[in-house]
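Visitor: Dumping the structure here so I can ask a few things about it.
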Amino acid sequence: MVQALKRLLTGIEGLDALLKGGLVAGASYIIQGAPGAGKTILANQLASNHVRDGGRVLVATLLSESHERLFQYLATLDFFDPTLVGDQIQFVSAFDTLEQEGLEAVVKLLRQEIGRQQATLLIVDGVLNARVRAETTLDTKKFVSELQGHAAFAGCTVLLLTSARLDEGSPEHTMVDGVVELGEQLVGSRAVRHVQLRKTRGSGALSGRHECLIDEAGMHVYPRLESLYSHPSQLGSASLHKVSTGVATLDEMLGGGLATGSVSLLMGPSGIGKTSLGLAFLGASSAEAPGLHFGFYETPARLRLKAASLGYDFERLEREGALQLCWQPTTEGLLDQVGARLLARVEQLGSKRVLIDSLGAFSRLAVDPARLNAFFRALAGELRARDVSVMLTWEMRDIFGSEITAPAPDLSSIVDNLMLMRFVELDSQLRRMLSILKVRDSQHDPALHALHIGPHGISLSKAFEGACGVLSGTPVPQGGG
């Protein structure tokens, strides 16, 4: 019988997810990264969370910086409670001991303080100074080994903080059970923080690089969606049901509506009516099957006005708990942060129909565009597994023309239903056109339909039957002329 390892929660939700349940209790970890990467914030945030769970913490610094200066910085963060210092969290400076007496004296000091504090978590900040003080590699190994031994005997988990990027063959790496690396990369003019688990002995973990950020609440970690949901969290419904698009004529074209839990993509140029069609989809929300608008460009106030102009009462739906409008500005944000926020809103509201307007905003948040396919696949797969019917929008560059640009390669394998919307010039008038390109596992009407948007909503009618070349934007009568 496999015995589960006892875990020490970090209290940082995303980091605990990366570690698949938290740090292994009684194990030792290196937290490494360049100055300013967030090591001290991460360690002290973890310490504060740990004492709130009933633990006791010893923080030992091998730095010349005074604790008063450290407290001034920590006081600007929400998680720091100065009343815990001196009781559940004990700070001790071992810098003078290191300088005057060496590594053995530091180990002796920390062993005494662990016992006196009855610490269940030991944080040693400034391990680089200990490495510099060691005369040989063997001295470094001995220092880490003795520290681990005393801590493990006392049932204490150890975090060693260093500003050096240690190699995998370094004495510290070979001795500890795990290595957490913090870093930062410049993407254009934007700096993006990241975390990577480079070693997790005896424990599963989500590998690779994951985005994180630091704000007044402390550090937030956002696991890559494709690693977090490599397997959907649920199985989804095994039966096939239909849900209305909110447009009766479109339901007819689709043979009764969209399949429950399906993902539909609306592709078309700016102004064609993608958002309007999406609002009609949300207008069919109910308290039993709530809807969620997750958008990037229009505020909730503007959406309510726009919906009202089409005959949909969003304010009533919101009051009844049938609809939630979530606006996400595109100026800042991380790809996985926004994806996690979307899934959290779906979970909170119990959403069964979601409009994401648009995929292009996700693309602009991506640090690595090559990730988009895997990201969209994981997001769509998780929403589908929760029996959420999803409508996505994608803005195409060209107002006219037959060329179709997709937001990600292999898009057809990600979405279940694909609808193309274009402007068509006919009889000296600019008309809107909708065509269903794909419906997975269902019959549909492939005819080109004219799209009508008015104060009573949206409707579709068959059109262009006597013309060819409609998708080019400039159709001509069949047979020429």
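Visitor: Enumerate the calculated ³J(HN,Hα) couplings along the range 85-91 in order (Karplus 6.51 cos²θ - 1.76 cosθ + 1.60, θ = phi - 60°), each rounded to whole Hz, writing x wherever the residue is Gly or Pro.
Guide: For the range 85-91, the Karplus curve yields 6, x, 10, 6, 10, 10, 9 Hz.
Visitor: Determine, for His173, His293, the number of other Cβ atoms within 10 Å of each Cβ, and report the residues in order from fewest to most.
Guide: Working: His173 16, His293 27.
Ascending number of Cβ neighbours within 10 Å: His173, His293.
Visitor: Explain nothing, just the number: dipole magnitude of the range 64-139 about its Cα centre with +1 on each Lys and Arg Cβ and -1 on each Asp and Glu Cβ, in debye rounded to the nearest 20.
Guide: Values: 6 positive and 13 negative charges, 35 e Å.
Its charge dipole is roughly 160 debye.
Visitor: Can you give the % of DSSP beta bridges in the range 68-195 that are antiparallel, to the nearest 5? Could the numbers behind the result be given before it?
Guide: On the way: 6 of 12 bridges.
Rounded to the nearest five, the antiparallel share is 50 percent.
Visitor: So, one more: Find the relative contact order for the chain and round it to a whole percent, using C-alpha pairs within less than 8 Å whose residues are 6+ positions apart. Please report the intermediate quantities before stating the final value.
Guide: Values: 953 pairs, mean separation 66.9, N = 481.
Reported as a whole number, the value is 14 percent.
Visitor: Still on this structure, please answer the following. Given (1) 97, 49, 45; (2) 70, 65, 52; (3) 77, 46, 43 as candidate values of Cα extents along the principal axes in Å, which corresponds to the one derived from the coordinates?
Guide: (1)
Visitor: Which order do Ser170, Ser358 fall in if you start with the one that has the fewest other Cβ atoms within 10 Å? Working shown, then result.
Guide: Working: Ser170 19, Ser358 22.
Arranged by neighbour count, lowest to highest, Ser170, Ser358 become Ser170, Ser358.
Visitor: State whether the range 274-433 is rounded, prolate or oblate according to the following rule on the C-alpha gyration tensor (a ≥ b ≥ c being the square roots of its eigenvalues): a/c under 1.5 gives rounded; otherwise a/b larger than b/c gives prolate, and the remaining case gives oblate.
Guide: Values: a/c = 1.68, a/b = 1.08, b/c = 1.55.
Since a/c reaches 1.5 but b/c is at least a/b, the shape of the range 274-433 is classed as oblate.
Visitor: Could I ask something else about it? Would you mind computing the Rg to Rh ratio of the range 27-165 from its alpha-carbon coordinates, Kirkwood style for Rh? Intermediate values should be presented prior to the final figure.
Guide: Details: Rg = 14.1 Å, Rh = 15.0 Å.
We get a ratio of 0.94 for the range 27-165.
Visitor: Moving to a separate point now. What residue among Ala191, Leu159, Leu225 has its Cα farthest toward the positive end of the dipole of the range 99-228, where the charges are +1 on Lys, Arg and -1 on Asp, Glu, each on the Cβ?
Guide: Leu225
Visitor: If packing is taken as the mean number of other Cβ atoms within 10 Å per residue, what is the order of 195-206, 245-256, highest first? Working shown, then result.
Guide: Values: 195-206: 16.5, 245-256: 19.5.
Order by mean packing, descending: 245-256, 195-206.
Visitor: What size of dipole, in debye to the nearest 20, comes out for the range 215-343 about its Cα centre when the only charges are +1 on Lys and Arg C-beta atoms and -1 on Asp and Glu C-beta atoms?
Guide: Details: 9 positive and 13 negative charges, 50 e Å.
Dipole about the Cα centre, nearest 20: 240 debye.
Visitor: What distance in nm lies between label points placed 7 Å from Cα along the C-beta direction at Ser239 and Asp78?
Guide: 4.3
Visitor: Do the alpha carbons of any pairs in Lys6/Lys141; Lys6/Lys352; Lys108/Lys199; Lys20/Lys274 sit beyond 31 Å of each other, and which pairs? Mind dumping the intermediate values first?
Guide: Details: Lys6/Lys141 26 Å; Lys6/Lys352 37 Å; Lys108/Lys199 28 Å; Lys20/Lys274 40 Å.
Over 31 Å apart, Cα to Cα: Lys6/Lys352; Lys20/Lys274.
Visitor: Which stretch or stretches of the range 280-297 have amide N atoms under 11 Å from the point lying 7 Å from Gln348's Cα along the Cα→Cβ direction?
Guide: It comes to no residues whatsoever.
Visitor: Stretch His67-Glu425 to full length: gain in nm at 0.36 nm per residue minus the Cα-Cα span? Show your work: numbers first, answer last.
Guide: Working: separation 358, 0.36 × 358 = 128.88 nm, distance 7.21 nm.
Stretched out fully, the His67 to Glu425 stretch lengthens by 121.7 nm.
Visitor: Moving on to the next point. Neighbouring Cβ atoms within 10 Å as the yardstick, rank Phe362, Phe79 fewest first. Provide the component values of the computation, followed by the final result.
Guide: Values: Phe362 24, Phe79 19.
Exposure proxy ranking, most exposed first: Phe79, Phe362.
Visitor: Beta carbons within 10 angstrom, averaged per residue: use that to sort the peptides 9-22, 435-448, highest first.
Guide: With the highest mean Cβ count within 10 Å placed first, the list reads 9-22, 435-448.
Visitor: Okay, next question. For the chain, give the magnitude of the charge dipole about the Cα centre (Cβ charges: +1 Lys/Arg, -1 Asp/Glu; no others), in debye to the nearest 20.
Guide: About 640 debye.
Visitor: Still on this structure: Which of the listed residues, Ser461, Pro369, Ile356, is farthest toward the dipole's positive end in the chain, when Lys, Arg count +1 and Asp, Glu count -1 at the beta-carbon?
Guide: Of the options given, the answer is Ser461.
Visitor: Helix 372-385 versus the longest principal axis of the chain: what is the Cα-based angle in degrees, 0 to 90, to the nearest 10?
Guide: 80
Visitor: Charges on Cβ only, +1 for Lys and Arg, -1 for Asp and Glu, centred on the Cα centroid of the range 242-477; of Val346, Ser413, Ala378, which one is farthest towards the dipole's positive end?
Guide: Val346
Visitor: Next question, about the same structure. Of all DSSP beta bridges located in the chain, what percent are antiparallel, nearest 5? Write out the running numbers ahead of the final one.
Guide: Details: 43 of 92 bridges.
Just about 45 percent of them are antiparallel.
Visitor: How do the peptides 413-425, 128-140 rank, highest first, by the average count of neighbouring beta carbon atoms within 10 Å per residue?
Guide: On the way: 413-425: 19.7, 128-140: 15.8.
Per-residue Cβ counts within 10 Å, averaged per peptide and sorted highest first, yield 413-425, 128-140.
Visitor: Give a residue-ordered list of calculated ³J(HN,Hα) values for the range 47-59 (Karplus: 6.51 cos²θ - 1.76 cosθ + 1.60, θ = phi - 60°; whole Hz; x for Gly, Pro).
Guide: With coefficients 6.51, -1.76 and 1.60, one gets 4, 5, 5, 5, 5, 5, 8, x, x, 10, 10, 10, 10 Hz.
Visitor: So what's the angle, to the nearest 10 degrees on a 0 to 90 scale, between helix 137-153 and the longest Cα principal axis of the chain?
Guide: 80
Each value in this text was obtained by applying a stated rule to the coordinates, not by laboratory testing. Computed from a prediction, not measured in an experiment: that's the story for all the values here. Note that we place each Cβ from the backbone using ideal geometry, even for glycine, and neighbour counts take in every protein chain shown.
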